[in-house]
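Worksheet: one structure, shown below.
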Amino acid sequence: MKRLLAIGEALIDFIPAESGREMKHVSAFAPAVGGAPANVCGAYVKLGGEASMITQLGDDPFGDKIADEFAACGIGCEYVKRTKAANTSLAFVALREDGNREFSFYRKPGADMLMEAADIKKSWFSDVFGLHFCSVSLGDFPMKEAHRQAVKYAAEEGALVSFDPNLRFALWDDVEALKKVVHEFAPMAHVLKVSDEELEFITGTGDIKEALPKLLTGNTRLVIYTRGSDGAECYTRQASAFAPSEKVKAVDTTGAGDGFIGSFLYCLSADGVTAESLDGLTEEQMGRYLSFANRFCGKSVMGHGAIASYPSREEMGL
């Protein structure tokens with residue numbers, strides 16, 4: 001299998017000591033390595049693939065913690081830069097009584113935000129399976145242009161480009177700016193993952209069938225639509241598929257969506273699917289990949305944290 005690259009934020013998630021409370025009432029938080037692109041790498045690696053992060057960390061103890069944990073779980077650090085210009089980003093998370101998460105970010109700026117386009121090298125993308133990215137690092141700061149450069153190089157080298165908007169409204173003063181940047185970058189990706197919580201904001205409709213013409217544009221060949229406990233769907237211009245979710249007792253959903261796309265990308269890579277061959281995916285193939293990703297998520301949410309909760313290759317019966 002070829003290597004997966006991901007670009008974006010690697011940060012410390014501060015996980016609440018108890019659930020069902022607003023952040024202001026949480027008594028304590030425990031640090032855990034996070035950041036959606038890093039989690040996707042973690043899922044891919046847990047399943048036996050090779051993955052590397054493209055990011056920038058602060059020259060501080062939290063940056064050390066992230067680098068150490070990447071190395072321990074097998075995520076490549078060869079494209080991880082360090083800087084004294086800003087600290088490693090932090091994100092505090094609370095799990096409210098209604099089941100929704102509450103976020104508070106400390107990255108004004110964070111070290112990851114200051115990575116520049118000039119830091120990205122085309123040689124990194126030769127003979128890789130794909131590049132994955134999200135919207136958290138697409139604000140009006142240097143890392144946005146680093147993403148643009150990475151996507152350009154990946155496409156030129158024939159790699160599959162994957163985008164999960166992973167919307168975090170708390171990071172944006174102007175949500176219209178967030179919508180605009182998602183509309184700008186989504187057509188650059190061959191694979192686009194959208195959740196039921198994001199669909200209407202991005203497309204103006206909560207109906208996936210009505211939204212598809214707005215999503216299957218530009219380079220996009222495959223749309224993955226996740227609906228939490230209601231299952232997941234896949235669409236190309238020629239075929240579609242659905243798979244129900246695993247029925248489990250969820251303990252912690254942190255990183256579940258990242259685990260889903262990470263394990264789905266693993267399936268594509270294991271089957272030798274490329275950007276060029278996405279249009280030829282059958283209903284059977286897509287259903288199999290969705291079922292595997294749902295099962296991966298089902299096992300993940302029964303544990304705490306993101307990467308730490310992801311099942312191994314053996315636990316998935318591979």
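Computed from the coordinates by the stated procedures, all read-outs in this text should not be read as laboratory data. Predicted, not measured: the structure shown is a model, and the values here were computed from it. Cβ: placed from backbone, ideal geometry, glycine included. Neighbour counts: every protein chain shown.
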- Query: Which chymotrypsin sites (Phe, Trp or Tyr not before Pro) from the range 41-99 combine a DSSP loop assignment with at most 10 other Cβ atoms within 10 Å?
  - Reply: none
- Under a GNM of the chain (C-alpha, springs under 10 Å), which listed residue has the highest mean-square fluctuation: VAL33, VAL181, VAL301? VAL181
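Give me the mean projected area, in nm² to one decimal, of the convex hull enclosing the Cα positions of the range 248-318. Please report the intermediate quantities before stating the final value.
Values: hull surface 19.4 nm².
With every direction weighted equally, the projected area is 4.9 nm².
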- Note on the structure: The simple spin-label model distance between THR282 and HIS183, using points 7 Å out along Cα→Cβ, in nm, is 3.9 nm
- Would you kindly state how much longer the chain becomes between GLU78 and THR274 on full extension, computed as 0.36 nm times their sequence separation minus their alpha carbon distance, in nm to one decimal? 68.1 nm
- Using a Förster distance of 41 Å, how high is the FRET efficiency between GLU157 and GLU314, based on the Cβ-Cβ distance and rounded to 0.05? 0.80
- Message: With θ taken as phi - 60° and the coefficients 6.51, -1.76 and 1.60, list the Karplus ³J(HN,Hα) couplings across the range 157-172 in order, rounded to whole Hz; mark glycine and proline as x.
- Response: 8, x, 7, 7, 10, 10, 10, 10, x, 6, 4, 10, 4, 4, 8, 10
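Sort ILE224, ILE54 so that the residue with the fewest other Cβ atoms within 10 Å of its own Cβ comes first and the one with the most comes last. Provide the component values of the computation, followed by the final result.
On the way: ILE224 22, ILE54 29.
The fewest-first ordering by Cβ neighbours comes to ILE224, ILE54.
Give the calculated FRET efficiency between PHE242 and MET1 to the nearest 0.05, with a Förster radius of 35 Å applied to their Cβ-Cβ distance.
Details: r = 27 Å, r/R0 = 0.76.
With R0 = 35 Å, the Cβ-Cβ based efficiency is 0.85.
Once fully extended, how much extra length lies between VAL175 and ALA118, figured as 0.36 nm per residue of separation less the alpha-carbon to alpha-carbon distance? Could you put the intermediate results ahead of the total?
On the way: separation 57, 0.36 × 57 = 20.52 nm, distance 2.81 nm.
Contour length minus Cα-Cα distance gives 17.7 nm.
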- Task: As a check on your grasp of the helix formula, calculate [θ] at 222 nm for the chain: sum -39500 (n - 2.57) over DSSP H runs of n ≥ 4, divide by the residue count, round to the nearest 500.
- Result: -9500 deg cm²/dmol
- What are the residues whose amide H is under 5 Å from the amide H of ALA275, where those residues sit 5 or more places off or on another chain and H is modelled from the backbone? LEU160
- Task: Run through all the Cα pairs of the range 1-86 and give the fraction in each 10 Å bin from 0, expressed as whole percent.
- Result: 17, 44, 25, 12, 1
- Message: Could you tell me how many cubic angstrom of Cα convex hull volume the range 241-286 has per residue?
- Response: 86 Å³
- Query: At each listed q (0.07, 0.11, 0.15 Å⁻¹), what is the log10 of I(q)/I(0) that the Debye formula gives for the chain modelled as equal alpha-carbon point scatterers?
  - Reply: -0.24, -0.62, -1.26
- Note on the structure: Low-density loop GluC sites (Glu not before Pro), the range 1-98, at most 12 other Cβ within 10 Å, DSSP non-H/G/I/E/B, are GLU18, GLU22, GLU97
- Message: I'd like the FRET efficiency for LYS24 and ALA250, computed as 1/(1 + (r/R0)^6) with the beta carbon distance as r and R0 of 25 Å, rounded to 0.05.
- Response: 0.55
- Item | Partners for LYS108 among lysines (Cα-Cα distance below 30 Å; same-chain residues under 8 apart left out) | LYS24, LYS65, LYS81, LYS84, LYS121, LYS122, LYS144, LYS152, LYS179, LYS180, LYS193
- Which of the GluC sites (Glu not before Pro) found in the range 233-298 are in a DSSP loop and have at most 14 neighbouring Cβ atoms, other than their own, within 10 Å? GLU276
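Mind checking the full-extension length gain between ASP98 and GLU210? Use 0.36 nm per residue of separation minus the Cα-Cα distance, one decimal, nm.
Values: separation 112, 0.36 × 112 = 40.32 nm, distance 2.92 nm.
Taking 0.36 nm per residue and subtracting the Cα distance, the gain is 37.4 nm.
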